[in-house]
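The block underneath contains the structure these notes are about, expressed in structure tokens.
The values are calculated or read from the model by the stated rules, or taken from the named source; none is laboratory data. Note that the coordinates shown come from a computational prediction; the quantities given were computed from them, not determined experimentally. Virtual Cβ from ideal backbone geometry, glycine too; neighbours counted across all protein chains shown.
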């Protein structure tokens, strides 16, 4: 503010004397002044806008704009009370021709009006004092627009003013800093602009600047703005090979914002603008609250900027995940254009936009940038975006074809206080957008943190990211990614990504990812990660933890596909743990598939460690995973085609907490076609993690794993026909204990596997109880090695060579602590082709086997020995 005050004082001291009336001034101009064919000089133009290549710095930009914006002496525009517009403008520029079929010189302007007044009251009812010269808004007009308005008898220009003397033209750039075909208008340094009932249509986009700009406008309120049929003119040339890209810019731009509220914006048919198509909103360094409501952005397209030295070869797939953002010094082609443009009373440009993939690319229909501040690292400013009751549909771009939100870091060697970004979509529809990079519908990137992402009561559907990740939305931060909530019947469906995250992608490069909630009858369905992981949802924290995932209150995750792991969802932490995964409250995770891009693993190491697994969920952690709970919900018909865990695959370097199926839940008809764990696969406690834990605390007790099936749970028809554990396979390292409990009248039945028809457990100490009126029945261990059934390395760890354990296969390296069927429970109808029709157990030590309390073991069968229970004493295992 101090800098602004000083520069404003200089402006007032240097402002030229004399007054001018806008429309009268235009009418008085000679043909030589305005007609490009008449050979006018740049210096003679009273209104023409400068090229975006002209400005060289923030202070120069500010001086140039303020000293060339007014042709009268008098007070500067004053700020209005908080919440009230200081000035209202109406801009109507409508061509009678179509931009795509005409050149700039053949465009015919049918209607032209630029009207401004003080305050927000319509001039027909306003106090006449509000229209005094001191209230006029400084403007700049494009050369072609100025000529057309001067020639038109019905053009209107009121409440605006300009300076006749613009100074020397820029030595470089088209036409020495001016553009004959520029139809645009700049509104300058308005404290709080209300832009009402405005239309820009049928005009060719300008290669100098957006057609409509408010530069250095602290706050902007837009009511009813139409941008339509704006495109690169028919005679536009392709992107040049040199460093200056002169293709046209997008339609509208607002800079220096501390807040913006836009309603009733309609943007359609805007095509050929580089970097963005419809709107560029540039927030100031202190952050901003931005709301876009009751608006529609449809059928627009942004083109890629010119290729630069760091671009990939034509047709090549962008590097994935994208590299860290660039700093202004390495920003490539952008700084040759917008960064050096005078941006009113602010210095925002596009020079520090992050890379989108491996190529400097454009974005989409709407682009919002949040500037970082220079100073102490904290507190960070926050830019909040609310998209309310709006539609972004059928747009094309490179990253975030519908909407892109990025922060821009300035400051050179000074301490940088980066912006925090919060995003909320409410009752809005983002659909059928196509990005050639990442983020088909939405792209958000923060060099600090993404505060939160909320999608409520709307749809993010049928979007595509053709060479990157996040088909529906891509959200990435160099710091943390906050809480993500999908709620109130939101639909995220039919999105497709070339890489990871068919529906949503969340990436935290150097911190953690907050809790993720899918609730209130929301639907994640039919999304595809074609060659990556996470059909509906991909979450990665490179250096910290992932807080966990909850699917609750009737939400559905269904019919999603992943080329590799996690048909429904993929969650991974590279440096810390992953929180609990919960499916509850009548929710359903069903018919998801992982591994569609891979051939069958055929018992390779990939299948053993779970890669390409997790038809429903794939969860991987360098440390611990808090567990998996299915509570009053359904996991069904999920498939891992080339890995383990048909419904869920949990792979942890550390411990895995409780795995629970409770409260009348259903886990059924899931399959691991080429791996272990038809429904659930758990692999925990690697040697490296155990060694690190022992070094950190030698006295800590060994971790344990608890598997609990209770309270009327139904587990049925799950299959791992080439591996172990039709329902669950658990391979646990270390010297701890693993407990399996089936209780509370739960039923585990009709599951099939090569080993352990329902359960396969390999751990140091094992105990298993079937109790409280529960049943383990009609499960099968179906085949032997001799018949050609490939047995996974995990399932073969006990040394047996035949299909064993129709109901359960327990392989203990230390002791079988307990095996019991009690309290009127049932172990019946199970079958094994080899040993142990009901249960096969192998251990160096067997402590207790009990059948009691009215329970029975009956009608089980084994092809070799042990129709009911077969226990085998074996040498002590030293490792898995």
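Can you say whether residue 801 is at pLDDT below 90, surrounded by fewer than 23 Cβ atoms within 10 Å (Cβ to Cβ) and over 47 Å from the mean Cα position of the chain (by Cα), as far as the supplied structure shows? Against the criterion (at pLDDT below 90, surrounded by fewer than 23 Cβ atoms within 10 Å (Cβ to Cβ) and over 47 Å from the mean Cα position of the chain (by Cα)), residue 801 qualifies. Quick one: is residue 554 in a loop (DSSP other than H, G, I, E, B) and either at pLDDT below 95 or surrounded by 24 or more Cβ atoms within 10 Å (Cβ to Cβ) (or both)? For residue 554, the condition - in a loop (DSSP other than H, G, I, E, B) and either at pLDDT below 95 or surrounded by 24 or more Cβ atoms within 10 Å (Cβ to Cβ) (or both) - is not met.
If you go through the stretch 733-748 and pick out every residue that is surrounded by 24 or more Cβ atoms within 10 Å (Cβ to Cβ) and either over 40 Å from the mean Cα position of the chain (by Cα) or under 15 Å from residue 777 (Cβ atoms) (or both), you end up with 3.
Residues being at pLDDT 95 or above, closer than 23 Å to residue 684 by Cα and part of a strand (DSSP E or B) are entirely absent from the stretch 744-751.
Count of the stretch 261-276 residues, restricted to those that are buried (at least 24 other Cβ atoms within 10 Å of the Cβ) and modelled with pLDDT under 95, is 4. Look at (1) modelled with pLDDT of 95 or more; (2) over 49 Å from the mean Cα position of the chain (by Cα) and you find that residue 867 fails only one, number (1).
Can we say residue 785 is out of contact with any helix residue (DSSP H, G or I) (no Cβ under 7 Å at 6 or more places or on another chain) and either surrounded by 24 or more Cβ atoms within 10 Å (Cβ to Cβ) or modelled with pLDDT of 90 or more (or both)? No; evaluated as a whole, the condition is false for this residue. Applying the criterion of being touching a strand residue (DSSP E or B) at 6+ places or on another chain (Cβ under 9 Å), surrounded by fewer than 21 Cβ atoms within 10 Å (Cβ to Cβ) and modelled with pLDDT under 95 to the residues of the stretch 587-607, the residue that is nearest to residue 658 (Cα to Cα) is 603.
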